[in-house]
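Heads up, the thing below is written out as structure tokens.
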Amino acid sequence: MFATIKGYYEQGQIFLEEEAPVESKTEVIITFLTENVKNSGIHKRVPGGLKGKVAIPDDFNEPLDDLKDYM
């Protein structure tokens, strides 16, 4: 089971904003969301950035030869 719980880290401790949905010892993965991580190397998406690089063939909607026996 995967569950996501928001919380914060302060002075070496992690504080959860809600109760964890487990009752026994469980492994966890912690991701720190800091300002430096959020903005480093992330570029804004440009609408139409792939224009001219992606093409759909004219026969895209035609039946596939591999499926002739099933049609």
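Since every read-out is calculated from the coordinates, none of them should be taken as a lab result. On a predicted model such as this, the values are computed, not experimentally measured, just so you know. Backbone-built Cβ (ideal geometry, glycine too); neighbour counts: all protein chains shown.
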Legend entry - Once exposed loop chymotrypsin sites (Phe, Trp or Tyr not before Pro) are cut out (DSSP; at most 11 other Cβ, 10 Å), longest piece of the chain: 3-31
Inset, instruction - Show the residues, 5+ positions off or on another chain, whose built amide H is closer than 5 Å to the amide H of Gly7. - result: Glu17
Legend entry - Dipole axis of region 1-40 (+1 Lys, Arg; -1 Asp, Glu on Cβ), positive-most option in Gly12, Thr31, Phe2: Thr31
Inset, instruction - Identify which of the listed values of mean projected area of the Cα convex hull in nm² was calculated from the structure shown: (i) 5.1; (ii) 3.9; (iii) 11.9. - result: (iii)
Legend entry - Lysine pairs in the chain with Cα atoms under 26 Å, if 8 or more residues apart or on separate chains: 4
